Each structure stands twice: as structure tokens, then as C-alpha cells.
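Everything below concerns the one structure shown next.
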Amino acid sequence: QVQLVESGGGLVQAGGSLRLSCGASGRTFSIRAMGWFRQAPGKEREFVATVMWSSGSTYYADSVKGRFTVSRDKAKNTVYLQMNSLKPEDTAVYYCAAGMDTLYNLITRANAYRDWGQGTQVTVSS
């Protein structure tokens, strides 16, 4: 089991930036991929970005590509999501998730991740 705690959410104006952090503890040696998902009221949970823990390779949803950057610091057991050029449609609760046996072709699917953080609210005003 991996425990995940998100931080860094808040209120920002359109065009601004936020950096989310997700600290992991527990069986962190089992982590294969760390994903970011978001969920707005009345909508399904949506894939945002993933970083492969060992290699650092990244994958992004088309909606955030070029604006968001996901990275990890293995020494700190922490994954980050740098969000730039934020838009009102980015408003959501953002969750980090740990995948232990995640196949690359499944990294955009929420059910490929075993352990989840509690989420942090991001609100973008215009």
C-alpha cells in the first residue's frame, strides 16, 4: 500500500500558474507510474498526466499538453504537476494516483492505478 497526500491547490486567475505536489509513503518501491487525474462537478474523472517512476517518461492529455508539466523526485518520493496558462475549464479537484503494475497502454485509465490521494481543489477564475 502507498499513501499519497496532495498539496498546492488554490485559487488563481486565468493565465496564472500553480504547482501541485504529491508526497508518497509506504511501499514506494512498488511504484511504476504516478498519474494525475481531475474531476469537475458533475463530470467523470479525467486523465491529466503520468510520469513513469523509473525512467521519468511522461504522457499528457491533449487538453493540457504544452501547458502542464509532470515530474518526479525519487529521493523525496514526490511527484509534481506544474500548471501554467491556466484556464477556467481547468477548475477541478486534482488527484494523484500510484500504479504498481501499470501497463503503458493503460496509463490514461483510472482503474490502472491502485492507490489514490484525497485530492486538492484548483479553481481558476476569469
| field | residue 63 vs. criteria open to solvent by 20 Å² or more (accessible area, probe 1.4 Å) and out of contact with any Asp or Glu (no Cβ under 9 Å at 6 or more places or on another chain) | value | no
| request: Might you check whether a residue that is in contact with an Asp or Glu (Cβ under 9 Å, 6 or more places away or on another chain) and open to solvent by 80 Å² or more (accessible area, probe 1.4 Å) occurs anywhere in the range 71-81? | output: no
| task | Give just the number: which of (1) under 21 Å from residue 10 (Cα atoms); (2) aliphatic (A, V, I, L, M); (3) within 14 Å of the chain's Cα centre (by Cα) does residue 124 not satisfy? | result | (3)
| Residues of the range 90-111 satisfying the condition of being free of Cβ contacts under 8 Å to residues at least 40 places away in the same chain and either touching a Gly at 6+ places or on another chain (Cβ under 9 Å) or among the hydrophobic types (A, V, I, L, M, F, W, C) (or both) | 103, 106
| When residues of the range 106-118 are limited to those that are under 18 Å from residue 26 (Cα atoms) and not charged (D, E, K, R), the one surrounded by the most Cβ atoms within 10 Å (Cβ to Cβ) | 113
| Can you tell which of 45, 32 is open to solvent by 60 Å² or more (accessible area, probe 1.4 Å) and at pLDDT 95 or above? | 45
| Members of the range 5-29 found to be more than 15 Å from residue 97 (Cβ to Cβ), open to solvent by 40 Å² or more (accessible area, probe 1.4 Å) and among the small types (Gly, Ala, Ser), listed by number | 7, 14, 15, 17
| Matching option when the condition is touching a residue at least 24 places away in the same chain (Cβ under 8 Å), among the small types (Gly, Ala, Ser) and farther than 19 Å from residue 84 by Cβ, among 33, 61 | 33
| task | Of the conditions (1) part of a helix (DSSP H, G or I); (2) over 17 Å from residue 38 (Cβ atoms), residue 111 clears all except one; give me its number. | result | (2)
| request: Identify all residues within the range 83-105 that are surrounded by 15 or more Cβ atoms within 10 Å (Cβ to Cβ) and either within 13 Å of residue 33 (Cα to Cα) or polar (S, T, N, Q) (or both); write none if there are none. | output: 91, 96, 97, 98, 99, 100, 102
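The values are calculated or read from the model by the stated rules, or taken from the named source; none is laboratory data. Given the structure is predicted, the values throughout are model-derived calculations rather than measurements. All Cβ positions, even for glycine, are placed from backbone atoms using ideal geometry, and neighbour counts span all protein chains on display. All accessible areas refer to the heavy atoms of the entire protein, side chains included, with ligands and DNA or RNA removed. Shrake-Rupley method; radii C 1.70, N 1.55, O 1.52, S 1.80 Å.
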